[in-house]
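Report on the following structure.
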Number of protein chains: 2
Amino acid sequence: MKIESLKGTRDFLPSQAALREYMEETILSCYRENGFRRIMTPAIEDIENLDKSDGGENLNLIFRIMKRGDKLEKALETGGELCDMGLRYDLTLPLSRYYCANRAKLEMPFKCIQLDRVYRAERPQKGRLREFVQCDIDIIGDSSPNCEAELITVTAKALSRLDIGSFTVRINDRRILNSTLLKCGFAEEQLTSVCISLDKLDKIGAEGVAQELSDKGFSAGAINSLSEIFRRLPLSADEISELAGEEAAAGMISIIKSAEALSEGKFTIEPDLSLVRGQGYYTGTVFEIKSDKFSGSVAGGGRYDGLIGKFIGENIPACGFSIGFERIFEILSEMGRQGSGRKRIAYIYSGDFPAAFAAAEKLRAEYDVSMFLRPKKMKSFLDRLAASGFSGFATESDEDIRLFSE
Amino acid sequence: MKIESLKGTRDFLPSQAALREYMEETILSCYRENGFRRIMTPAIEDIENLDKSDGGENLNLIFRIMKRGDKLEKALETGGELCDMGLRYDLTLPLSRYYCANRAKLEMPFKCIQLDRVYRAERPQKGRLREFVQCDIDIIGDSSPNCEAELITVTAKALSRLDIGSFTVRINDRRILNSTLLKCGFAEEQLTSVCISLDKLDKIGAEGVAQELSDKGFSAGAINSLSEIFRRLPLSADEISELAGEEAAAGMISIIKSAEALSEGKFTIEPDLSLVRGQGYYTGTVFEIKSDKFSGSVAGGGRYDGLIGKFIGENIPACGFSIGFERIFEILSEMGRQGSGRKRIAYIYSGDFPAAFAAAEKLRAEYDVSMFLRPKKMKSFLDRLAASGFSGFATESDEDIRLFSE
């Protein structure tokens, strides 16, 4: 049997689990204070829901669960579909389904928190996990750009409490991006493909994107117009207004102004016309947060006004922001940060369990107390306790706590 | 697309999620105080690890995840194994793997907590979930019966804090059970099959078990001897000593005495010779907790001294106790219990988001404050807020909080 966890998954040691619990509690309490409420949904979803969910590239990364028993046998015989469920690739699709199933019982607008595991069959490589935690807040049933401002402000507040250092919020609007691309000369039906290339700007640079668009056979004129805009990036809010028209840009500019006014100098927010975000379900604003010091995105989100409509045929506005829990866990680990918690004390006893437990219990008002049978080699045992983070110990014969630091 | 969650899985409303969070925090803080430390492992495991894990009936309930890409195509062509991973059916197998992979970095004996989701492809029916949460404590590397006493005492303490009402701990020992069955006249190689039938005692009664054993073709003499013992159940500790020999029963009796001494009248503990527990990996003591008022088991566990050896060829003693989180959630829900948390206040504003956010922020020292744009119909909006659990509201024009109860 194999002792390592599967590629792309991780075992967490007690000290790491403590840091993750601290992160969870810090984020959740911030979100709760701001009026968001936790919900929980299953990690497994109907495979059709996942396959039809407009998740962009993520649809190729779904872990599929096989049918069982007679249904599997029949599918194997007839060459039918072998799977009936899959592991969710994000928390937005399950939330959309959840909202439709439960909306009679939910507040409107509905402001919720999710903190949970998601799964993607990424090619295993450094930093690419196949099982990872996301923490999302969403507002469903409100089309005002104040939602975006609120989600950005509250997410930034949570990141500030985690003390990850300075960061930058980048914001774009799919509608502005689309109208810009149309102006450049791309056709409506080419936009998805153009955006997929554009999304690689960070990785392959402006020239790489232009090359890829050219390889895809798009017109040189449109590519040149787009490259011209690239050379002028980042555009200011005013330049974007000019490019896309005041009306189209008004929502995004109001979001930027609101978030800026509340930033307290803890983060900067700037428009980024090249920001795409991979998911196909975004319909308007998209945003992303990057640490100023550490690479990679620490949060991402946007407006997805069409996704809930896929379930119930009625369009319900929705917008969400997702914290990349794993990237932040790596950053805090790199910073040497630890979880919170009380001091840990060992209570060492020889045999009479009830008496020892009662004695240890008295110390538990102040400490986390772990009971151990007296080992043969006391000295080396105590050394190991100290090395593994215990603060001290007590014994039956000497119930005063002896701290290792003394 | 389907709006209901998959059969055997559940969506949790905000009030339910709050109760679950309260349960998690109550259990975890109790376990932490007692010196156990949380670890986290992936929900997906190598399919071979799961298939070879001695999980008894649970091995038939594994959700299997399909291979992807070239590997899947090759398997389909050659008729090879289609799956490479599966969802874990419990937390004991992943812990055993985890311990082997990480033991150089772990304390010894290792006392840990897990609280996480597990999956079983049960036939969907009332109370049978396919995705559910378990919360386990385990002690690895210690063969003393004090481990069992500690696990029982600490688990009972957590259940008492959750205030689920009175409950009973039932305890047995696989070795005593086996020697009793051998004495009755069953053969060594028949014991697993006999135990599978015996495990149904609660459901089909002593006569049902005898009938099933008879249908399986076991000797009438052995069945009669066993039925004779059934008629005398429950046996006292002394009777068990007599039946199994003092030495064999000594461990179990010491566990019972220890747990009794620490029970503070909050629970009873009694030997139960008919207790089997389904998993094949148990090697010694097994135990289970049942509420005295509500049906079904709320916790179960036992000693599994052989499981870790399957990974590293070296037997390491291990013992664990698992709380059935979902059954307790149902019981507390039935009792009308709720999560803890601060009062929720709505802050209703008209347009200027930054000013409103700053005003709401002042109230957040004391309340969870959710911001809402002023609705067209204020009266019905407020009625809905009150109905969904808000304690009151404030507005831009009147920042004093108006409680709905006033």
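Miscellaneous remarks
- Leading residue at positive end of dipole, segment B:255-406 (Cβ point charges), from B:306, B:360, B:268: B:360
- Between the residues A:331, A:388, A:15, the greatest Cα displacement towards the positive end of the dipole of chain A, with unit charges on the Cβ of Lys, Arg, Asp and Glu, is found for A:388.
- Cβ-based net charge around residue A:359, under 9 Å, with every Lys or Arg adding one and every Asp or Glu removing one: -2
- Its Cα centre serving as origin, segment B:83-138 has a Cβ charge dipole (Lys and Arg +1, Asp and Glu -1) of approximately 160 debye.
- 3J(HN,Hα) along segment B:310-321: 5, 8, 10, x, 10, 6, 10, x, 7, 8, x, 9 Hz, from the Karplus curve 6.51 cos²θ - 1.76 cosθ + 1.60 with θ = phi - 60°, whole Hz, x for Gly and Pro.
- Loop GluC sites (Glu not before Pro), segment B:325-372 (other Cβ atoms within 10 Å of the site Cβ: 16 or fewer; DSSP): B:366
- Shielding of peptide B:369-377 by partners, expressed as the average count of other chain Cβ atoms within 10 Å per residue Cβ, is 4.
- Evaluated over segment B:141-264, the count of Lys pairs having alpha-carbon atoms less than 22 Å apart is 5 (only pairs 8 or more residues apart or interchain).
- Qualifying GluC sites (Glu not before Pro) for segment A:234-285 [loop in DSSP, other Cβ within 10 Å: at most 14]: A:264
- Entry comment: accessible area of segment B:221-342 is 42 Å² per residue, from protein heavy atoms only and a probe of 1.4 Å.
- For the chain pair A and B, the buried solvent-accessible surface (1.4 Å probe, both sides summed) amounts to about 8500 Å².
- Computed 3J(HN,Hα) for segment A:92-104, one whole-Hz value per residue from the Karplus formula 6.51 cos²θ - 1.76 cosθ + 1.60 where θ = phi - 60°, is 7, 5, x, 5, 4, 4, 4, 4, 5, 6, 10, 5, 4, glycine and proline marked x.
- In range of the label at residue A:193: residues from segment A:40-56 whose backbone nitrogen is under 15 Å from the point 7 Å along Cα→Cβ: none
- Accessible solvent surface per residue of segment B:62-144, calculated while the other protein chains remain in place, 1.4 angstrom probe, Å²: 38
- In the protein assembly as shown, helices alone account for a calculated mean residue ellipticity at 222 nm of -12500 deg cm²/dmol, with every DSSP H run of four or more residues adding -39,500 (n - 2.57).
- Distance between the 7 Å Cα→Cβ label points at residue A:7 and residue A:405: 4.5 nm.
- Shortest-first nm distances, residue A:104 label point to equivalent points in other copies (7 Å, Cα→Cβ): 5.9
- Within segment A:27-87, the GluC sites (Glu not before Pro) that combine a DSSP coil assignment with at most 16 other C-beta atoms in a 10 angstrom radius are A:81.
- DSSP beta bridges confined to the protein assembly as shown are antiparallel in about 70 percent of cases.
- Average projected area [Cα convex hull, chain B], square nanometres: 27.8
- Of all lysines in the structure, the ones whose alpha carbon falls short of 21 Å from that of residue B:71, not counting any fewer than 8 places away in one chain, are A:2, A:7, A:67.
- Carbon plus sulfur fraction of accessible area for the protein assembly as shown, probe 1.4 Å, in percent: 48
- Relative contact order of segment A:278-388, defined on C-alpha pairs under 8 angstrom at six or more residues apart (%): 17
- Averaged over the residues of peptide B:347-356, the number of Cβ atoms from other protein chains lying within 10 Å of each residue's Cβ is 4.
- Per-peptide average of other Cβ atoms within 10 Å, ordering A:201-212, A:162-173 highest first: A:162-173, A:201-212
- Peptide B:13-23, shielding by other chains (average Cβ, 10 Å cutoff): 4
- As a calculated quantity, the FRET efficiency between residue A:246 and residue B:77 at R0 = 60 Å, using C-beta atoms, amounts to about 0.50.
- 0 to 90° range, to nearest 10: angle between helix A:353-363 axis and chain A longest Cα axis: 60
- Label geometry 7 Å along the beta-carbon vector: residue A:78 inter-copy distances in nm: 3.0
- About the Cα centre, charge dipole magnitude for the protein assembly as shown (Lys/Arg +1, Asp/Glu -1 at Cβ), debye: 40
- Close amide H pairs (under 5 Å, H built 1.01 Å from N) link residue A:305 with A:283, A:284, A:318, residues at least 5 positions away or on another chain.
- Taking segment A:193-291 and dividing mean pair separation by its residue count, relative contact order in percent (alpha carbons under 8 Å, at least six apart): 31
- Dipole magnitude for segment B:230-380: computed about the Cα centre from +1 point charges on Lys and Arg Cβ and -1 point charges on Asp and Glu Cβ, it is near 1520 debye.
- Relative contact order for chain B, counting Cα pairs under 8 Å that sit 6 or more residues apart, in percent: 18
- Alpha-carbon centroids, segment B:18-71 and segment B:117-166: separation in whole Å: 12
- Taking every protein chain into account, the 1.4 Å probe leaves residue A:26 with about 20 Å² of accessible area, to the nearest ten.
- Label point of residue A:400 (7 Å along Cα→beta-carbon): distances to the other copies' equivalent points are 5.8 nm, sorted ascending.
The values are calculated or read from the model by the stated rules, or taken from the named source; none is laboratory data. Please read these numbers as outputs of a predicted model, since none were measured by experiment. Cβ: placed from backbone, ideal geometry, glycine included. Neighbour counts: every protein chain shown. For accessibility, only protein heavy atoms count, side chains too; no ligands or nucleic acids. Shrake-Rupley method; radii C 1.70, N 1.55, O 1.52, S 1.80 Å.
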